[in-house]
């Protein structure tokens, strides 16, 4: 009986200690890299947006 | 590639504050937060000059450089935006910004700062374009609608210009040539004097 209890203690100790390990994969924090959610505006075509805004600028903001 | 820029012509600005009002109205900016403000140089002295100041969407933005949670990003056309879900309201960007652009709504007692708010060049933020969520957090997304910032579009004297940096520079250059000199509100002599 004592042997069984000892074995159980050994097994539970091994299991408990096996959970206490350090992850070998290091999380590298790259400073200056945007970490937020994506902006759908960035998915749209830049060139066509630039042309639209240039037309708008000519229409609205050029000197009278 | 076009880079979006603001430019305020100090010779034309009449300190009407319409840009400030238009911005607040368009984006329903909360009390105590001004995304844009008019600064008067030599107030009360003959020859005083006014300029309208907001986020200048810096090419190498110091706010982004100091942000501990990296919530800033720059769009392809050079507009500096940020994610309010990531912002922790630490205030570093406010100290770093030379224009005082970042603003913080007071949301709780004891002066606890809320999420940073600043001019978005009317380009919204990282949320579904033209959605209610985007409007609530960042204001209206006029860029997605094919429009330019309202502050500049409604400026009655066309002192405030906003758009492709090259086009803005062309207009300003023509004005300076027409005036027959260089703008005296900006430059080395204004900052340091003729002897500097």
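Only the coordinates and a few stated rules stand behind these numbers; no lab work does. Note that the structure is predicted; figures quoted are calculated from it, not measured. Don't worry about glycine lacking a Cβ; one is built from the backbone with ideal geometry, like all the others, and counts go over all protein chains shown.
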Subject >> Segment residue B:136-residue B:95, length gained on full extension (0.36 nm per residue, minus Cα span) >> reply: 12.2 nm
**OP:** Can you tell me the relative contact order of chain B? Whole percent, Cα pairs under 8 Å, sequence separation 6 or more.
**Re:** 26 percent
Original post:
What ranking, highest mean first, results for peptides B:28-34, B:105-111, B:124-130 when packing means the other Cβ atoms within 10 Å averaged over each residue?
Top reply: B:124-130, B:28-34, B:105-111
**OP:** Calculate the mean, over all residues of peptide B:72-78, of how many other protein chain Cβ atoms lie within 10 angstrom of the residue's Cβ.
**Re:** 5
Subject >> Extended-chain gain in nm, criterion 0.36 nm per residue less alpha-carbon gap, residue B:15 and residue B:192 >> reply: 61.3 nm
Subject >> Helical mean residue ellipticity (222 nm; -39500 (n - 2.57) per DSSP H run of 4+; nearest 500) of chain A >> reply: -16500 deg cm²/dmol
